[in-house]
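Here is the structure we will look at, set down as structure tokens.
The values are calculated or read from the model by the stated rules, or taken from the named source; none is laboratory data. Bear in mind that the values here come from a model prediction, so they are computed numbers and not experimental data. No Cβ is skipped: glycine too gets one built from the backbone with ideal geometry, and neighbour counts run over all protein chains shown. Keep in mind that these areas ignore ligands, DNA and RNA; they rest on the heavy atoms of the full protein, side chains included. Shrake-Rupley method; radii C 1.70, N 1.55, O 1.52, S 1.80 Å.
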Amino acid sequence: MKSQYRVVVIGGGVVGASVLYHLAKFGWSDVVMLERRRLASGSSWHAAGGIHALNADPNMASLQAYTIDLLSEIEKESGQNIGLHMTGGLTLAGTPERWEWLQANYRIFQSIGIDDCELLTQQEAQKRCPIMSTEGVLGAMWADREGYIDTTGTVQAYATAARKRGAEYYEETKVEELIQSDEGWKVVTDKGTITCEHVVNAAGLWAKQVGRMAGVELPVSPLKHHYLITDTVPEVAAADFEMPMTVDLEGFTYMRQDQKGVLVGIYEVDHEHWAMDGAPWNYGEELFQEQLDRIENELTLGFERYPSIQNVGIKTWVNGAFTFSPDGNPLVGPVPGKRGYWSACAVMAGFLQGGGVGKTLAEWMIHGEPEADAWSMDVARYGDYAQNKRYIRETTGQFYSRRFVMTYPNEQLPAGRPLKMAPAHDAMTEAGCKWGVSWDLEVPLYFAPKGFEETPTLKRSNAHDIVTEECKAIREGVGLMDISGFSRFEVTGPNAEAWLDRVMASKLPAPGRAKLAPMLGKDGRLKGDLTVLNWGDGTWWIMGSYYLRAWHKRWFDDHMIDGVELRDLGEEYCGFAVVGPKSQAVVEKLAEQDISGLKFMGCGDFDIGLVRARVARMSVTGEKGYEINCRYGDHIKLRRILLEAGAEEGLREVGFNAMGSTRLEKSFGIWSAEFTQAYTPGMTGMDRWIDWEKEFVGKEAALAERNGNGPAQVQATLEIDAVDADASGYEPIWANGERVGFVTSGGYGHYTGKSLAMALIDRDKAEPGTELSVHVVGVERSARVVAPSPYDPQGKAMRGWS
Ligand SMILES: Cc1cc2nc3c(=O)[nH]c(=O)nc-3n(C[C@H](O)[C@H](O)[C@H](O)COP(=O)(O)OP(=O)(O)OC[C@H]3O[C@@H](n4cnc5c(N)ncnc54)[C@H](O)[C@@H]3O)c2cc1C
């Protein structure tokens, strides 16, 4: 072992080995992986080795598809047998809603290029898995690329392939301390100290402790998990093919063949955490005693699903632990505030996702950015709030117990909530507010009559008419919306303007003005859809999506220069928006200064009643509107005075559901849908805000796009002939049977009365009037491209022109 490397990967499980392999593959061979015992001696050795294509998150499904394809490659490269059995796999639907969900997901898979799936009837499914009872099965999805592998062999294969490419790994070498220095990191091990530029935490069950070694508190916890392996099952032994990997979602089990018996794994509803502060250092290749009382119900369902296993013995019980983040996705990427410290942990399904995690992290370290949009596994998708132990326990537990439970798009889950509440939260609840959550903050969805409960559904919700009323208030009267759920950064200092001018691709606004500002990465892809406000007193604000706070902050910090002070105002400022044609009348009543001259996209300081507020005349709803930003201490008062002042104009409180519908009617894109870090300004229409005359981060790449042949796909707005359900995202779009794009976001335009979607479509199909079709909740619907902004295309309402 040398005393200096470029990268030290801590942990020789499947994830660490994949990171090591990808670093070496992409050209960094001065890398070493340290393992305190033997390879695969954490969670990895006792995994069930199952590989499935299905994941409700399309980005994770793509990651899994990459990993599955990689497996035979590393087997070949390493010469190490990984025991790959590509049996194909079944996912069973046991309720009508689940069957609908599966059909919808089948289409979403097509959207993201996973084409080797098919939908099967109950009888067809049974033919492929003859040991299964079809009781309650309404249908199934088949995927070719599913099966299982030998877990220890797979870890060995990654590590051997990495070594063949020049990387090193050492077993029986425990990292005991991490010390950050100006040059990078000192990694203190029981075999000596190594200096390096980068450290990767791939410590699996011990990730929490390896985080703490660097002063990092990662939101991760181990939970226990059971599977059993049966003795020989005569029907299995007699079959001339292998049973497929079969997931029974309503039964909470997965099953695969194991020699002449089967392995049945259980997602326990009655979950149990273990070693929340990380596994003990003396924990090795041990298992826990099985806990049958905790899994009795799921076990019964499993034995009913595969009746032949009732007559055979159980050869092996495994009750082991593996790690989860609050949303179940991995924690990957550069840890904010710790230069050169990278996370590759909380990988719940390392054999299924580890390849993709290794690839993503290696690209990130080497090129500065991963190739694909890594948001859904980015360690910076969480803020400091997620360090709280109870939050971690509740959210990881909820994810685990619901792993096979269907979650509806309009469903609100309770774990870790309410966490942060804007000051007027209780008064708004009293007024009927139904809450959603963005990051740590409760955000208003809509205001309902007392006793109203929303029913979870894949289709239009029973809150539909309430949202229609709120949209009508916004379009015809005046609505009041809590906008605490926007992010606000303050930029000051002698170099504030120069810095903003460089990181934002747009022209900067003049004093007293606001401007939409795309922010690009060096590779010319999007990094933000922000609004910059110039308050005219040397203070600038950047406003954006609240849930991106830590993610944007990491980016700002990474690109910071001297002479600039950046503050996240997320704990200081909140506010209300007053939106609609009558908004000016309401705000004027309260403003101590003349606010009538504040033009569209103007901003300034105003006294709104007794509240000192920073007001901007803009609204994402496409109506005339005022965003009134106040200090947290003024939030309750601001709401009260606005409600009083607006009573005469019929002011009505509205929520984010109405905001979502009105913005769709205006074809205003949002982050994580129309805009992501995988898309470019040309694809998304963001290029119209770029100032090509100036220098900015990403200009070279953005210019190359502009001067090239143009993007293959562009944004378009669709009107869909949907009756009882709307598109939501990732649905495939067809032209004469050929897939030509996918929905980026969709919903009902409550004021226009149309089912709308925004989409990325092949350029030659994006012309208004083009007839297309879209699968909405699995059912093909006719659709057509319409001109952007189905409501008020000239923008008269938001500008206040009559
Ligand atoms: C019962 C069960 C069934 C499962 N079934 C599946 C399945 O079918 N498919 C699937 O994809 N996944 C499955 N999993 C999950 C899978 O096991 C994990 O996702 C995977 O093992 C995580 O790998 P890892 O490399 O992140 O962590 P680990 O395997 O825990 O590896 C971390 C390594 O880091 C080492 N380490 C820690 N601290 C230090 C230090 N300070 N110095 C040096 N070394 C250190 C440890 O010794 C360990 O070897 C299952 C898990 C369980 C418990």
* To do: Quick one: SER72 ticks every box in (1) closer than 25 Å to ALA275 by Cα; (2) out of contact with any helix residue (DSSP H, G or I) (no Cβ under 9 Å at 6 or more places or on another chain) except a single one, so which number is it?
  => (1)
* **segment 693-710 residues that are closer than 11 Å to ASP523 by Cα, paired with ones that are basic (Lys, Arg) and part of a helix (DSSP H, G or I) (beta carbon under 7 Å, 6 or more apart)** => VAL697/ARG502
* If you check TRP364, TRP375, TRP342, which single one turns out to be open to solvent by 10 Å² or more (accessible area, probe 1.4 Å), touching a His at 6+ places or on another chain (Cβ under 7 Å) and farther than 22 Å from GLU272 by Cα? -> TRP342
* To do: Would you mind telling me which numbered condition in (1) within 25 Å of PHE399 (Cα to Cα); (2) not in a helix (DSSP H, G or I) MET1 fails?
  => (1)
* **Leading residue by the ranking (most open to solvent (accessible area, probe 1.4 Å)) among those in segment 410-419 that are out of contact with any helix residue (DSSP H, G or I) (no Cβ under 7 Å at 6 or more places or on another chain) and closer than 18 Å to TYR382 by Cα** => PRO414
* Do the conditions hold for GLU285, that is, is it exposed (fewer than 13 other Cβ atoms within 10 Å of the Cβ) and within 11 Å of the ligand (Cβ to nearest atom)? -> yes
* **Hits in segment 325-344 (condition: small (Gly, Ala, Ser) and closer than 15 Å to GLY16 by Cα)** => GLY333, SER343, ALA344
* Pairs where the first residue, in segment 220-231, is more than 17 Å from THR300 (Cα to Cα) and the second is β-branched (Val, Ile, Thr) and more than 10 Å from the ligand (Cβ to nearest atom), C-beta under 6 Å, 6+ apart -> SER221/ILE392; SER221/THR396; ASP231/VAL312
* Quick one: count up the residues across segment 47-57 that are more than 9 Å from the ligand (Cβ to nearest atom), in contact (Cβ under 8 Å) with a residue 24 or more places away in the chain and open to solvent by 20 Å² or more (accessible area, probe 1.4 Å). => 3
* To do: From the list GLY609, GLY570, pick out the single residue that is on the phi > 0 side of the Ramachandran plot and not hydrophobic (A, V, I, L, M, F, W, C).
  => GLY609
* The one condition in (1) in contact with a helix residue (DSSP H, G or I) (Cβ under 6 Å, 6 or more places away or on another chain); (2) at negative phi; (3) away from the ligand (no atom under 13 Å from the Cβ) that ALA279 fails to fulfil -> (3)
* **Filter result (touching a residue at least 24 places away in the same chain (Cβ under 8 Å) and basic (Lys, Arg)) within segment 110-140** => ARG128
* Take the residues of segment 718-740 that are out of contact with any helix residue (DSSP H, G or I) (no Cβ under 7 Å at 6 or more places or on another chain) and farther than 20 Å from GLN103 by Cβ: which is most open to solvent (accessible area, probe 1.4 Å)? -> ASN736
* Asked: Is it the case that segment 146-153 has a residue that's open to solvent by less than 10 Å² (accessible area, probe 1.4 Å) and within 30 Å of VAL779 (Cβ to Cβ)?
  -> yes
* In segment 20-43, how many are within 9 Å of the ligand (Cβ to nearest atom) and not in a loop (DSSP other than H, G, I, E, B)? -> 2
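Matching residues to (1) at pLDDT 95 or above; (2) charged (D, E, K, R):
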position: SER343; (1), (2): yes, no
position: VAL347; (1), (2): yes, no
position: ASP378; (1), (2): yes, yes
position: PRO409; (1), (2): no, no
* Asked: Given the conditions (1) open to solvent by 30 Å² or more (accessible area, probe 1.4 Å); (2) more than 30 Å from TYR306 (Cα to Cα); (3) within 13 Å of the ligand (Cβ to nearest atom), which single one is not true for GLU272?
  -> (2)
* Which of the residues spanning segment 346-361 are open to solvent by less than 10 Å² (accessible area, probe 1.4 Å), out of contact with any Pro (no Cβ under 6 Å at 6 or more places or on another chain) and more than 8 Å from the ligand (Cβ to nearest atom)? -> GLY355, GLY356, GLY358, LEU361
* Asked: Mind checking whether some residue in segment 136-145 is open to solvent by 10 Å² or more (accessible area, probe 1.4 Å) and within 16 Å of the ligand (Cβ to nearest atom)?
  -> yes
* Would you kindly identify the helices (runs of 4 or more DSSP H) lying entirely within segment 374-479 that contain at least 2 residues that are of a type in the set (Asp, Glu)? => 425-430, 464-476
* Only residues in segment 155-178 that are farther than 23 Å from ASN81 by Cβ and among the aliphatic types (A, V, I, L, M) count as the first member; pair them with residues that are away from the ligand (no atom under 12 Å from the Cβ) and open to solvent by less than 10 Å² (accessible area, probe 1.4 Å), Cβ under 9 angstrom, at least 6 apart or cross-chain, and list the lot. => LEU178/TRP185; LEU178/TYR341
* To do: Spot the failing condition for ILE114; the list is (1) under 27 Å from ASN81 (Cα atoms); (2) part of a helix (DSSP H, G or I); (3) out of contact with any Asp or Glu (no Cβ under 8 Å at 6 or more places or on another chain), and only one is missed.
  => (2)
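Here's the yes/no breakdown for (1) of a type in the set (Val, Ile, Thr); (2) buried (at least 21 other Cβ atoms within 10 Å of the Cβ):
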residue	(1), (2)
GLY42	no, yes
TRP45	no, no
THR67	yes, yes
LYS76	no, no
GLY79	no, no
LEU90	no, yes
* To do: Go through segment 191-261 and tell me which strands (runs of 3 or more DSSP E), entirely inside it, have 1 or more residues that are within 10 Å of the ligand (Cβ to nearest atom) and open to solvent by 10 Å² or more (accessible area, probe 1.4 Å).
  => 221-230, 253-258
* Do we find that GLU172 is surrounded by fewer than 16 Cβ atoms within 10 Å (Cβ to Cβ), more than 14 Å from the ligand (Cβ to nearest atom) and not in a strand (DSSP E or B) in this structure? -> no
